[in-house]
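Report on one structure; see the data block that follows.
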Amino acid sequence: MATESWTTRGLRDWMRGFLQQKGIESAPACADLLLAHVAGCERMHLYMEPERPWTADELASLRALVARAGQHEPVQYLVGSWGFHAGDFEVAQCTLIPRPSTETLVDAALEWIAAQPAGAVRSAVDLGTGTGCIALSILRALRGRQRKDRVLARAARSSAAEPLDDGQSDDALSAEQASTHAMQARDGSLPAFVLTDLVTEAIELARRNAQRHGLSEHCVFRVGDAWSAMERTDGPFDLVVSNPPYISDAEFSELAPNVAQWEPRTALHGGADGLEVVERIVQGATARMSPGALLLVEIAASQERAAIDLARACGFRNPMVLRDSDDLPRVLRAITPG
């Protein structure tokens, strides 16, 4: 790769061929992401200026990243951030890369919270938080709902305050009702979230992501292994979420190189059957949860039956496993008694 006379089009063609030769999955997308990262632009902008010349410094930076990509290092680590549930999160090799399948867990938590009385969900915990993407995505979405409620409430109050003609009384009444409903929809507070991780570097990463999204005041960070990270004053929790390591010995040997060789084994491997950490989380949950609280734990597709049986044996009500966007069994959902 020479250091002169390279354009975006030429670089893209060369990178795609090189990465495909190295057996990199989704080589075209990887090439575009690296180009956009070094150029400091959106991917779409690459197609708007295909003949843009690249400087020697840009080429040097790109060359280093392409070499790492050719060793199957995930592009998410190379660019340093990744999207999850409409948010952007810093990522690093100390923890897992956020995946679309985990958004199923976030959506399930938000759906359940929306069905609870206003202010009922006051405390939550994310065990093995990694980047913090689960807890922070839940908080981001709830904050967005609150802002929308406030906008609707202001609009309803403004409508109700308009001068009335004789034929407008019914409309005014409905506007007042809408204002009251919007004001009661949220009590203006977000749940207090405890985020735990066994790896100190991961906790620092989650802390930075909380700052990035303006959510630090709603988060407490604990270093430790699942429930052992809790302090005496933590809990009881109205919501418990977790994406623990759940890959079994047999499944670990089948992982793609970009996962097995680069993402931390401590965040992937869950023991011989993959359920070692899942069992600790579920078995210890009821002692830390409020009556009628929700437990959501990501699992492997092969663990559906075992996870349901485990939750039932621990006294949870109505355990089930939710399917992800690929229609695979993915998230254990269960409610505490009460």
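The values are calculated or read from the model by the stated rules, or taken from the named source; none is laboratory data. Just so you know, these numbers come straight off a predicted model, no measurement behind them. Cβ coordinates were reconstructed from backbone atoms using ideal geometry, including for glycine residues, and neighbour counts include every protein chain displayed.
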Residues of segment 216-246 being in contact with a helix residue (DSSP H, G or I) (Cβ under 9 Å, 6 or more places away or on another chain), free of Cβ contacts under 8 Å to residues at least 60 places away in the same chain and of a type in the set (Val, Ile, Thr), in sequence order, are Val223
In segment 23-67, residue surrounded by the fewest Cβ atoms within 10 Å (Cβ to Cβ) [restricted to those that are in a loop (DSSP other than H, G, I, E, B) and of a type outside the set (D, E, K, R)]:
Gly40
Regarding Glu103, is this residue among the acidic types (Asp, Glu), exposed (fewer than 13 other Cβ atoms within 10 Å of the Cβ) and touching a residue at least 24 places away in the same chain (Cβ under 8 Å)?
no
Right, Arg157: surrounded by 15 or more Cβ atoms within 10 Å (Cβ to Cβ), within 26 Å of the chain's Cα centre (by Cα), part of a helix (DSSP H, G or I) and at pLDDT below 75 or not?
no
Any idea which of (1) in contact (Cβ under 8 Å) with a residue 40 or more places away in the chain; (2) surrounded by 16 or more Cβ atoms within 10 Å (Cβ to Cβ) is the one Glu201 doesn't satisfy?
(2)
If I filter segment 129-154 down to residues being out of contact with any helix residue (DSSP H, G or I) (no Cβ under 7 Å at 6 or more places or on another chain) and among the small types (Gly, Ala, Ser), which single residue comes out as nearest to Asp238 (Cα to Cα)?
Ala135
For segment 81-93, how many residues are surrounded by fewer than 20 Cβ atoms within 10 Å (Cβ to Cβ) and at negative phi?
7
